[in-house]
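Written out below as C-alpha cells is the structure these notes cover.
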Amino acid sequence: MTLTAFRAELLSVPEDPAGGGEIRHHADGLLVVEDGHVVAFGAYADLAERFAGVPVTHFPGKTIVPGFVDCHVHYPQTDRIASHGEQLLEWLDRHIFPEEARFADRTHADLLAGVFLDELLRNGTTSALVFATVHAQSVDALFEVALARDMRIISGKVLMDQGPLTLHDTVDDGRADTEALIAKWHGRGRLGYAVTPRFVLTSSDAQLADAGALLKAHPDVLLHTHLAENHGEIAAVAARFPDAADYLDVYDRFGLVGPRSVFAHCVHVSDRAMARMAEAGSGIAFCATSNLFLGSGLFDLAQADAHGVKVGIGTDVGAGTSFSILATLGEAYKVGQLRGTSLDPFRALYLATAGGAKTLGIGDRIGGLQPGQEADFVVLDPAATPLLARRTAGASLHDRLFALQILGDDRAVAHTYIAGNRAYSRQDSL
Ligand code: GUN
Ligand code: ZN
C-alpha cells in the first residue's frame, strides 16, 4: 500500500499509431505507482496536488517509457553472439547446437540465466519470450532467476526430437517435461510458459502433433517457434511436406496456428500465409538484426500490416547482434528503407512496448503504463552520449525519439524499473 512517484517526461503509445492510436506524452509528467502497479500517468501540474506527500524521484532531462518487450530471444545463445561465417542451417550446426549442449550442466545454465537477465535489464527490456534449450533444467534455471527478480518472462523447453545426437529429446520425454514445467512454473509470479518446438526441421510429425495437443490441453500457454526465416530452411520444409501449401500450413496441420502462436522471422511469407495468420490471430516477432546478420532477408512489415497481423520486436540473440531493442529498432528502420517504407519512431516505440505485449498475449498487463497495468518502465537518457546530446538538444519529441532509435543502445538506458522497483542503473546514474 505504499505509493511512490516518478517525475520526468513521460511517453507511451498503448495502441498502434498506424491504426490511429494516440501518443500519450507529458513534457513534465508524474507516474504514480502503488504495489507494483500504475496508479496515475499524467501531467505533473495536474497530479501534484492529488499526490502531495508521496515521495517523488525526479529525473530532469530524462524520458520515461514503458519497459521494452523482446518477443524472441535465445538465452542459451548469449555467449555465441557474433559468431562468424554461415547462414542459418550451417550456423546452427557449427556454433549453436554445441553451445546449447552445454546446458546439460545445470551450473552453466544458472550462470547464463543470470548473465542473460542482467543484459535484458541493462538494455531496458523488462519482458521477453525466451527460447531455453532442450534440457528441462535450462527452463528451471531461467525461471528461478526471473522469479527472484519479479520479471514477466515467458519461456519453454525446446522440443527437438530430430535434433543432433548431442541435443535432442524424444516425443515422450518432450511431452512429459513440458507438462511438468507447465505445472511447476506457468502463472507463478509473473512467469508464463510457451510450448516451444524449435522449428519444423527438428521435430518429427509425432512431436509436432504432440505440441498441438499440449497447446490444446493448456488454454493459456503460448506456442513459440521459428517460421520462414531462410531459403535453405524453407526448401527443406517443402521437400518434407510436398503437399503443404507453404511452411505455415505445416504448423497449421498440427494445430499450431492460433491466437497464442508467436512466429519468429516470417521473412519469406506468402500473402496466403499472412492472411491465415491474421485470421488465426497469431503474432510475428520481427528480428531485424538477426535477419541481416544471417543474411536471411528483409521482413516486410507493410505486408504484415496490410493483412493486420500482430507484430512485436525480437532481438533473437545469438543470431541477433544486440540485446538492445533501441538498436534493433534502428536496424528495423533500415530494413524498412530497403523495402521502401520508413518506420515512424512512435510506431517503433509501440512495436517495442504495447505491440510486443499484445503479441505475447499480455497487453492487458504491461506495455502502456496505463493505470492498473504493471509498472515496468525505462528511464531513457536522450543525452546519453556527446553525439546524442548534440543531436537531441532542442529537438522535437518525434526527432528526439528517432535519434534514440537510430543512435541509442544500452548507453541510453539510465534506469530500468520492474514493478515499480529499480532493477538497474547505469554506473554514472546511480
Ligand atoms: N531456427 C531454428 N533454430 C533457430 C535458432 O536458434 N536461431 C534462429 N535464428 N533460427 C532458428
Ligand atoms: Zn530464434
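No value in this document is a laboratory result; all are computed from the given coordinates. Just so you know, these numbers come straight off a predicted model, no measurement behind them. With ideal geometry, Cβ positions are generated from the backbone for all residues, glycine too; neighbour counts draw on all protein chains shown.
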statement: Within the range 220-235, residues being out of contact with any Phe, Trp or Tyr (no Cβ under 6 Å at 6 or more places or on another chain), more than 16 Å from ligand 2 (Cβ to nearest atom) and closer than 18 Å to Ile153 by Cα number 1
- prompt: Mind checking whether some residue in the range 132-144 is in contact with a Lys or Arg (Cβ under 7 Å, 6 or more places away or on another chain) and surrounded by fewer than 22 Cβ atoms within 10 Å (Cβ to Cβ)?
  reply: yes
- prompt: Considering the range 251-281 alone, what residues qualify as being among the aromatic types (Phe, Trp, Tyr) and within 13 Å of ligand 2 (Cβ to nearest atom)?
  reply: Phe263
query: Of the residues that make up the range 254-268, is at least one touching a His at 6+ places or on another chain (Cβ under 6 Å) and of a type in the set (Phe, Trp, Tyr)?
result: no
query: Restricting the range 66-110 to residues that are under 20 Å from the mean Cα position of the chain (by Cα) and part of a loop (DSSP other than H, G, I, E, B), which is nearest to ligand 2 (Cβ to nearest atom)?
result: Ile81
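Using the structure shown, decide if Thr315 is free of Cβ contacts under 8 Å to residues at least 60 places away in the same chain and in a loop (DSSP other than H, G, I, E, B). Give the derivation first.
Numbers: free of Cβ contacts under 8 Å to residues at least 60 places away in the same chain: no; in a loop (DSSP other than H, G, I, E, B): yes.
When the stated conditions are applied, Thr315 does not pass them.
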message: Tell me the residue from Ala238, Ala194, Ala211 that is small (Gly, Ala, Ser) and more than 23 Å from Ile154 (Cβ to Cβ), please.
response: Ala238
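Tell me, which residue of the range 272-312 that is assigned to a helix (DSSP H, G or I) and of a type in the set (Asp, Glu) is farthest from ligand 1 (Cβ to nearest atom)? Lay out the reasoning, then the answer.
Narrowing the range 272-312 to residues assigned to a helix (DSSP H, G or I): 272-280, 288-293, 301-307.
Among the residues that remain, those that are also of a type in the set (Asp, Glu) are: 279, 305.
Values: Glu279: 25, Asp305: 23 Å.
So the residue we want is Glu279.
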query: Can you name the residue in the range 205-248 that is charged (D, E, K, R) and in contact (Cβ under 8 Å) with a residue 24 or more places away in the chain and, of all such residues, is nearest to Asn291 (Cα to Cα)?
result: Glu229
query: Is it true that Asp173 is charged (D, E, K, R) and within 15 Å of ligand 1 (Cβ to nearest atom)?
result: no
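Check Thr126, Thr57 and return the single one that is surrounded by fewer than 22 Cβ atoms within 10 Å (Cβ to Cβ), of a type in the set (S, T, N, Q) and away from ligand 1 (no atom under 12 Å from the Cβ). Walk me through it before giving the result.
Working: Thr126 fails: surrounded by fewer than 22 Cβ atoms within 10 Å (Cβ to Cβ).
Every option except Thr57 fails the conditions.
Condition first: among the polar types (S, T, N, Q) and within 14 Å of ligand 2 (Cβ to nearest atom). Now tell me which residues in the range 282-321 satisfy that.
Result: Thr289, Ser290, Asn291, Ser296, Thr315, Thr321.
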